[in-house]
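Chemist: Let me give you the structure first, and then I'll get to my questions.
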Amino acid sequence: MALIGPSLMCADMGILKETVIRLDEAGVDFFHLDVMDGSFVPNFTLGPDLIKSIRSYTSKPFDVHLMVKHPENHLDLFAEAGADMISVHAEATEHLQRTLQSIRKKGLKAGIALNPSTPIAHLRYVLDTVDYITLMTVNPGFAGQKFIPLMYQKVKDLKDLIDGNGYKIDIQVDGNIGYETIPGVLENGATMLVCGTSSLFRPELTFEEAVERLNHFIR
Ligand code: DX5
Ligand code: ZN
């Protein structure tokens, strides 16, 4: 059964506390927190202080997506802010295996995120050190972009790589995950859906209606 995780960079920051509480009560499974440094991606979003400020409003896992260069230098900051899971971009660190080990040593789940063009072969020798893999299905940095069609095949190829080597690793998809794209990514093996403007943050729906509609659609 796929898990639903709101991408909070899509939320109205002026009502973030209420948003987190309502989404939690509506039944989402985790919260996806995008962190950007303006260098690895051309944007800035949520920081550790903001993450810390909402930590006490939910007990659901905080999945921190570090779209930053040298993420290994910032792990403590986000662990102390309340992260339960941290994903780092394979393209952003020279020492991916050691960075994943460091995340696990802090008692957190370790994730790897891949930009759309990065081959999944990059993951082969760290499959034993990762708990979830995030496939960017848009180019990272902004909400509201279009799904990159070849990413359906990438989800399937990743599922084959994981199953073929006998691992159990969650496949998270991130970017334009909505009603048009969810059937294809689920069919190919996705287990965690990062939901932003295409499914959860829609002006015509309350959070409760959006979560209920998503639940019916995927379960
Ligand atoms: C993009 C972020 C995504 C994004 C999702 O770099 O990683 O989480 O906010 O938003 P939508 O669903 O609008 O693509
Ligand atoms: Zn993200």
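Chemist: Please list R98, R55 in order of solvent-accessible area, largest first, computed with a 1.4 Å probe with all protein chains present.
Modeler: Ranked from most to least accessible, the order is R98, R55.
Chemist: 7 Å from Cα along Cα→Cβ at both S53 and D24: what's the point-to-point distance in nm?
Modeler: Going from the S53 label point to the D24 one covers 1.7 nm.
Chemist: With the cut-off at 1.5 for a/c, could you classify the chain from its C-alpha gyration tensor as rounded, prolate or oblate?
Modeler: The shape class here is oblate.
Chemist: Okay, moving on. Please compute the per residue accessible area over the chain with all protein chains in place, 1.4 Å probe, rounded to a whole number of Å².
Modeler: That works out to 44 Å² for each residue.
Chemist: Find, among the trypsin sites (Lys or Arg not before Pro) in the stretch 122-187, those assigned to loop by DSSP (not H, G, I, E, B) with at most 16 other beta-carbon atoms within 10 angstrom.
Modeler: Passing sites in the stretch 122-187 are K146, K168.
Chemist: For the stretch 8-15, take each phi angle, set θ = phi - 60°, evaluate the Karplus expression 6.51 cos²θ - 1.76 cosθ + 1.60, and give the result in whole Hz per residue in order, putting x for glycine and proline.
Modeler: 3J(HN,Hα) across the stretch 8-15, in whole Hz: 6, 5, 7, 7, 7, 4, x, 10.
Chemist: Compare the Cα positions of M67, G47, L200 along the charge dipole of the chain (+1 at Cβ of Lys, Arg; -1 at Cβ of Asp, Glu; about the Cα centre) and return the one farthest towards the positive end.
Modeler: Positive-end residue among those listed: M67.
Chemist: Please work out whether the stretch 68-143 counts as rounded, prolate or oblate from its C-alpha gyration tensor, where a ≥ b ≥ c are the square roots of the eigenvalues and a/c under 1.5 means rounded, while otherwise a/b larger than b/c means prolate and anything else oblate?
Modeler: Oblate, because a/c is 1.5 or more while a/b does not exceed b/c.
Chemist: Only bridges with both residues in the chain count here: give the DSSP antiparallel percent, nearest 5.
Modeler: Roughly 5 percent of the beta bridges in the chain run antiparallel, per DSSP.
Chemist: Could you give the length gained by full extension between D163 and E209, i.e. 0.36 nm per residue of separation minus their alpha carbon distance, to one decimal place?
Modeler: This chain segment gains 13.0 nm when fully extended.
Chemist: Same structure again: Can you sort D29, D12, D49 by 1.4 Å-probe accessible area, starting with the largest?
Modeler: Ranked list, largest accessible area first: D49, D12, D29.
Chemist: Apply 1/(1 + (r/R0)^6) to the Cβ-Cβ distance of A121 and M1, taking R0 = 35 Å, and write down the FRET efficiency to the nearest 0.05.
Modeler: That gives a FRET efficiency of 0.75.
Chemist: Please compute the length gained on full extension between K105 and L150, using 0.36 nm multiplied by the number of residues separating them and subtracting their Cα-Cα distance.
Modeler: So the extension gain works out to 12.7 nm.
Chemist: When the solvent-accessible surface of protein heavy atoms is calculated with a 1.4 angstrom probe, in what order do E208, E94 fall, highest first?
Modeler: Sorted descending by solvent-accessible area, the residues read E94, E208.
Chemist: Might you report the magnitude of the Cβ-based charge dipole of the chain about its Cα centre, with Lys and Arg at +1 and Asp and Glu at -1, to the nearest 20 debye?
Modeler: That gives a dipole near 340 debye.
Chemist: Can you send over the carbon and sulfur percentage of the accessible area for the chain, probe radius 1.4 Å, protein chains only?
Modeler: 52 percent
Chemist: Let me ask another. Compare the Cα positions of C10, T137, G111 along the charge dipole of the chain (+1 at Cβ of Lys, Arg; -1 at Cβ of Asp, Glu; about the Cα centre) and return the one farthest towards the positive end.
Modeler: In the chain, that residue is G111.
The values are calculated or read from the model by the stated rules, or taken from the named source; none is laboratory data. For clarity, every value in this text was computed on a predicted model and none was experimentally measured. Every residue, glycine as well, gets a Cβ built from its backbone with ideal geometry; the counts of neighbours run over all protein chains shown. Quick note on the areas: whole protein, heavy atoms, side chains included, nothing else; ligands and nucleic acids left out. Shrake-Rupley method; radii C 1.70, N 1.55, O 1.52, S 1.80 Å.
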